[in-house]
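Read the structure below first, then the notes.
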Amino acid sequence: MARVAKKRTPKVVFDYVAGSAVDEVAYSRSRAAFARIELNSNVLRDVSAIDTSELILGKSVDLPICFAPTGYTRLMHHVGEAAVANVAAQKNLIYALSTMGTTSPAELAQLVPGSRRWFQLYIMKNRADTLAVVKQAKENGFEALVLTVDTPVPGLRYRDNRNGLTVPPKIRLDTIFAIARKPRWWLNLFTTGKLEFAAFRGWDKSLSELADLIFDSSTTFEDITWLRSVWDGPIVIKGIQNVEDAKAVAQLGVQAIILSNHGGRQFDRGPVPLEILEEVVAAVGTKVEVYIDGAVMSGLDALGAIALGAKAVFIGRAYLYGIMANGEAGVDQIVEIMRKEFVNGMALIGCRNIEEVRTNDARIRN
Ligand SMILES: Cc1cc2nc3c(=O)[nH]c(=O)nc-3n(C[C@H](O)[C@H](O)[C@H](O)COP(=O)(O)O)c2cc1C
């Protein structure tokens, strides 16, 4: 799918999705870690009926694979966020809409009313602005807030610098050549709605002014306590990368954490989330649900993370490659490929349900 995606989208867009920070070491370490997971293959267990469902924040999903929040989805393919949410709704999965989404919370709720939707938030420079965004999530039936905490400053993404990435794309001489190479993508971009941070429509600010307001590098644990006081639904903290921080946020009345290094797009020398998963689950797993993301690229990656104790995994690039390759159908295909691998893997390790997967004694090879 990534190969087809690369053929169908301009290099600047493909690289924005595929790329990570600085030397891209964190991402490749995460990928390598997934290949080192080893599960016990138990035979003669009657796996004629397999159930992949799991309870996430108290409600059942058909697979413990959720859609991570990703900005600018309409840049990847003009069908955008609503197409991903639609696949999630049809398959009883969870979709998280990014603050930097190119579809607003209200539009998403209207286009895909049946979706189980979470809203990804940043604590913004100004509390009143943060509240205005939280209000949109509340009014439009978002079930949970996903607070991203690994972005005190933006990651240094050199591929984007080299490619001269701007949103919306600026027309320069090399843009004309790029249009000649991917005419369909460009036609779709110019003939569908304006590309913007849709949650901030009407704020009368440029994208760079907005980006400046969205990230507050002075955010602390106290801001989580504040958020707890203004939002009565579940809060998920995204971007936890060590046991101490997991313990600290678990005390603050949140419901879940996502162990995540932002897919390697922020700090490029941190620990690999998968390698600290078991320790984090042992420390806080009875207080909060522990999810993981970063470099989950197959059903077996997901199965391995679940076996090591994650309640669910989140995917980012995997579904973005799907949407870039083939729009909504591509996202559907990605889920079905991952589901097939997940179910096949469960049968081959002798597990009928997720609870049994967690008792497999899986490990990460040295
Ligand atoms: C193109 C792209 C845009 C992203 N935008 C956001 C965002 O707006 N907010 C956020 O919290 N995480 C964002 N992320 C990070 C994802 O939520 C997730 O942590 C990451 O993609 C997981 O790694 P994976 O892509 O290898 O699956 C983005 C990731 C990608 C690839």
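The values are calculated or read from the model by the stated rules, or taken from the named source; none is laboratory data. Keep in mind it's a predicted model, so treat the numbers as computed, not measured. Here the Cβ positions follow ideal geometry from the backbone for every residue, glycine too, while neighbour counts run over all protein chains shown. Accessible surface is based on the protein model in full, side chains and every heavy atom, while ligands, DNA and RNA are left aside. Shrake-Rupley method; radii C 1.70, N 1.55, O 1.52, S 1.80 Å.
Per-structure values
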| item | result |
| --- | --- |
| Magnitude of the charge dipole, the range 197-246, Cβ model with Lys/Arg +1 and Asp/Glu -1, debye to 20 | 240 |
| Calculated FRET efficiency for the pair residue 91/residue 126, C-beta based, R₀ 35 Å, to 0.05 | 0.40 |
| Surface share of carbon and sulfur [accessible, 1.4 angstrom probe, percent] for the chain | 53 |
| Contour minus Cα-Cα distance for residue 50 and residue 298 (0.36 nm per residue) | 87.4 nm |
| Distance from the range 326-342 to the range 180-238 (C-alpha centre basis), Å | 26 |
| Full-extension gain in nm, residue 242 to residue 212, via 0.36 nm per residue minus C-alpha separation | 8.1 nm |
| Label-point separation in nm, residue 353 to residue 194, each point 7 Å along Cα→Cβ | 5.2 |
| DSSP beta bridges in the range 2-364 [antiparallel fraction, %, rounded to 5] | 15 |
| Added length on full extension, which subtracts the Cα-Cα distance from 0.36 nm per residue, residue 175 to residue 220 | 12.1 nm |
| Quarter of Cα convex hull surface for the range 145-302, i.e. mean projection, nm² | 12.6 |
| Cα-projected label distance for residue 143 with residue 110, points at 7 Å along beta-carbon direction, nm | 2.4 |
| Gyration tensor (Cα) of the range 2-364, equivalent ellipsoid semi-axes in angstrom | 31, 25, 20 |
| Virtual spin-label span in nm between residue 40 and residue 340, 7 Å along Cα→Cβ | 3.0 |
| At least 30 Å along the helix axis (C-alpha) and Kyte average at least 0.0, DSSP helices within the chain | 317-348 |
| Per residue Cα convex hull volume in Å³ - calculated over the range 1-160 | 166 |
